[in-house]
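Chemist: Take this structure, written in structure tokens, and hold onto it; I'll ask about it next.
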Amino acid sequence: MKITIKTKAEHPVSVWSGGTTTQLYLYPQGSDYARRDFRVRISSATVDCERSEFTALPGVSRTILPLKGSLHLYYQGHGEKLLHEYEQDQFDGGWQTTSVGRATDFNLMLREGATGTVEVCKLNSGEGIEPENEQNGILAVYVAQGSAWYENQLLEEGTMISSEEVGKLSLRSEGADGCRLICVRVQL
């Protein structure tokens, strides 16, 4: 199983109207968020303004969850959702969306028929998980809090480990406080 590991320092950061965005994963290789030619994008953004407008992304299915703070999302004509830390919601990226609240969030964006799930895994000290990737899938695990071991490599907070091949990742929490991992599974 071919694995890619990117540390916090290796993720590109850009500015948006409400704060900064850290791009954690983009598929296929060579695609670009600005050109909207990606099929899968995973990112984390800071929402520094009390009120902000999300970028309209027609044709994009979005899943969002706050890592720190809370977000009150207003989907014009489609209701609203209050999200506290690690609570998630899925919505159409083409909806006019207003966010109220300062937070750091985690985003999964999918296009062109790709589907996916986001699972928050809270591990106590020494506990492990073995998420599995299926055929035509992508498996990505983000260290949202604390640190974890993959084989003999310590994955610190802000690290993303991913694979586009079939197989399992064996991860174990590190430290007395355990860790929180966000497991993303995508089917292309």
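The values are calculated or read from the model by the stated rules, or taken from the named source; none is laboratory data. Computed from a predicted model, the values in this text were never measured in an experiment. Note that each Cβ is placed from the backbone with ideal geometry, even for glycine, and that neighbours are counted across all protein chains shown. Surface accessibility is based on the protein's heavy atoms, side chains included, excluding ligands, DNA and RNA. Shrake-Rupley method; radii C 1.70, N 1.55, O 1.52, S 1.80 Å.
Chemist: From Glu157, Glu165, grab the single residue that is closer than 24 Å to Asp32 by Cβ, in contact (Cβ under 8 Å) with a residue 60 or more places away in the chain and not polar (S, T, N, Q).
Modeler: When all the criteria are applied, what remains is Glu165.
Chemist: Quick check on my filter: what residues within region 75-89 are among the polar types (S, T, N, Q) and under 16 Å from Asn107 (Cα atoms)?
Modeler: Hit for region 75-89 is Gln88, nothing else.
Chemist: Still on this structure, I have one more. Working carefully through the options Gly146, Gly158, find the one that is at positive phi, surrounded by 19 or more Cβ atoms within 10 Å (Cβ to Cβ) and touching an Asp or Glu at 6+ places or on another chain (Cβ under 9 Å).
Modeler: Within the list Gly146, Gly158, the selection yields Gly146.
Chemist: Given the conditions (1) on the phi > 0 side of the Ramachandran plot; (2) buried (at least 17 other Cβ atoms within 10 Å of the Cβ), which single one is not true for Cys183?
Modeler: (1)
Chemist: How do the strands (runs of 3 or more DSSP E) wholly within region 1-115 filter down when requiring 3 or more residues that are open to solvent by less than 50 Å² (accessible area, probe 1.4 Å) and free of Cβ contacts under 8 Å to residues at least 60 places away in the same chain: which remain?
Modeler: Of the strands (runs of 3 or more DSSP E) lying wholly inside region 1-115, those with at least 3 residues that are open to solvent by less than 50 Å² (accessible area, probe 1.4 Å) and free of Cβ contacts under 8 Å to residues at least 60 places away in the same chain span 19-27, 61-69, 71-75, 97-100.
Chemist: Step by step: first the residues of region 116-149, then only those that are in a strand (DSSP E or B) and charged (D, E, K, R), then the one that is nearest to the chain's Cα centre (by Cα). Which residue is that?
Modeler: This residue is Glu119.
Chemist: Taking region 111-170, which residues are closer than 22 Å to Arg62 by Cβ and of a type in the set (Lys, Arg)?
Modeler: Hit for region 111-170 is Arg111, nothing else.
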